[in-house]
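In what follows, a structure is listed as structure tokens, so that the remarks can point back to it.
Here, each number is a calculation from the coordinates, and none is a lab measurement. Everything quoted here is computed from the prediction, not taken from an experiment. Heads up, the Cβs are rebuilt from the backbone with ideal geometry, glycines too, and the neighbour counts pull from every protein chain shown.
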Amino acid sequence: MSRFIKQALVAASAGLLTTLASAQASELNLYSARHYQTDEALYSQFTKATGIKINRVDADDAGILARLKAEGSASPADVILLVDAARLGKGQADGLFRPIKSALLEAAVPAALRAATGPEGVAWFGLSTRARVVVYDKARVKREDVDTYEELAEPKNRGRICLRSGSHPYNLSLFGSMLEHLGQAKMETWLQGLQANLARAPKGGDTDQIRAVASGECAVAISNSYYIARLMRSNQAQDQALMSKVEVVFPNQQSWGTHLNIAGAAVARHSKNPQAAIQFIEYLASPQAQTYFADGNNEWPVVASVRTANPALQAMSGGAFKAETVPVAQVAAHQARVQQMLDRIGFR
């Protein structure tokens with residue numbers, strides 16, 4: 001990242017009071033699927049710096065998209081925060097977002113972590129990343145048997161795997177990435193193998209899968225990295241005992257790299273305050289906000305110049321790992337095809 005871009009990002013963080021003082025909006029309406037207490041500091045700091053009040057509506061990704069559709073042009077929403085590329089792609093496809101034109105955001109956020117730029121602007125920007133990693137029982141499983149996503153569908157892992165619903169957005173995004181790498185025919189075969197290797201019917205969230213590995217109900221699970229980091233940083237004895245039984249591997253380090261998903265932001269199609277909405281998203285790409293994402297919720301910043309001292313992320317990844325380079329918007333575009341495959345083979 002050039003010195004100019006770094007300076008621009010710092011200026012965006014420090015100069016929001018001046019920039020937004022001239023904005024007509026005295027408040028912004030935020031529809032957020034981020035339910036993380038640490039984000040409260042982000043919003044309060046923005047309000048303190050600008051005087052702009054944040055009115056927040058909390059729901060899951062699907063609920064937010066359904067609400068935007070139902071409200072139509074009467075929607076009061078200005079900024080949309082979602083926690084998965086598949087949902088961001090769905091909102092874009094349904095015409096729920098207003099194109100964003102921001103030189104600062106385009107300079108700060110890598111092209112692979114935003115929707116493709118068109119003449120009208122960018123549909124949405126990723127603001128933080130999380131890796132989809134493999135957790136395994138270190139007493140029962142060899143690391144080399146689960147260090148690629150492909151191996152999870154091989155007979156050597158029969159009856160070992162726990163997974164949340166295949167139709168959950170986190171898995172739809174992973175599977176969309178696999179479709180990009182494997183192609184249609186091999187992908188469907190891979191899904192069939194993964195289904196055959198399940199130790200139980202898919203259920204629960206990512207933390208439930210980690211606990212199932214530690215309890216011996218299964219031996220291998222897939223989880224977003226920040227769930228693991230939360231457990232690693234927990235001061236609860238049961239969480240420390242759980243983590244002592246498992247290991248984490250970042251798959252495909254010798255091939256295309258580990259799948260990354262994002263949390264990201266868009267401007268609502270019918271925002272009454274689009275300029276202030278863009279400036280709020282620019283604030284979320286500032287070094288200050290990016291540090292909050294990393295240290296507060298155990299996510300990696302998207303801005304390359306921001307460094308994190310999060311001990312769990314450092315310990316988990318060894319300080320660095322190879323991430324895949326498939327654009328997340330491209331992965332999101334595969335979700336309908338992936339869901340059709342899941343329906344066809346009866347993968348819940």
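Tabulated values for the structure
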read-out: Relative contact order of segment 150-273, pairs being alpha-carbon contacts under 8 Å that are 6 or more residues apart, as %; value: 28
read-out: Selection of trypsin sites (Lys or Arg not before Pro), segment 59-110, meeting DSSP coil and at most 16 other Cβ within 10 Å; value: Lys101
read-out: Fully extended contour minus Cα-Cα distance, from Lys101 to Ser234, at 0.36 nm per residue; value: 43.9 nm
read-out: For His270, His35, order by how many other beta-carbon atoms lie within 10 Å, fewest first; value: His35, His270
read-out: Relative compactness, the chain, computed as alpha-carbon Rg over 2.2 N^0.38 Å; value: 1.00
read-out: Rough spin-label spacing in nm, given labels placed 7 Å along Cα→Cβ, for Lys322 and Lys245; value: 3.3
read-out: √(5λ) per eigenvalue of the Cα gyration tensor, segment 216-348, largest first, Å; value: 29, 24, 15
read-out: Likely footprinting exposure, Ser73, Ser177, Ser271, fewest C-beta neighbours within 10 Å first; value: Ser73, Ser271, Ser177
read-out: Burial ordering of Val57, Val141, fewest other beta-carbon atoms within 10 Å first; value: Val57, Val141
read-out: In degrees, nearest ten, helix 39-50 long axis to first principal axis of the chain (Cα); value: 10
read-out: Overall form of segment 114-253 per C-alpha gyration tensor (a/c, 1.5; a/b vs b/c); value: oblate
read-out: Residue of Arg164, Arg114, Arg307 that the Gaussian network model of the chain assigns the largest fluctuation, springs spanning Cα pairs under 10 Å; value: Arg307
read-out: Rg/Rh (Cα only; Kirkwood hydrodynamic radius) as it applies to segment 170-254; value: 1.01
read-out: Inter-probe distance in nm under a simple model that places probes 7 Å from Cα toward Cβ, at Arg67 and Lys186; value: 4.2
read-out: Environment charge at His181 (Cβ cut-off 12 Å; Lys +1, Arg +1, Asp -1, Glu -1); value: -2
read-out: Segment 21-97 shape via C-alpha gyration tensor axes, a/c threshold 1.5; value: oblate
read-out: Prolate/oblate/rounded call for segment 266-332, Cα gyration tensor, a/c under 1.5 rounded; value: oblate
read-out: Relative contact order, percent, the chain [alpha-carbon distance under 8 Å, six or more residues apart]; value: 28
read-out: Highest-MSF residue in the chain out of Ser26, Ser128, Ser167 [GNM, Cα springs under 10 Å]; value: Ser26
read-out: Max mean-square fluctuation residue, GNM over the chain, Cα-Cα springs under 10 Å, options Pro274, Pro119, Pro99; value: Pro119
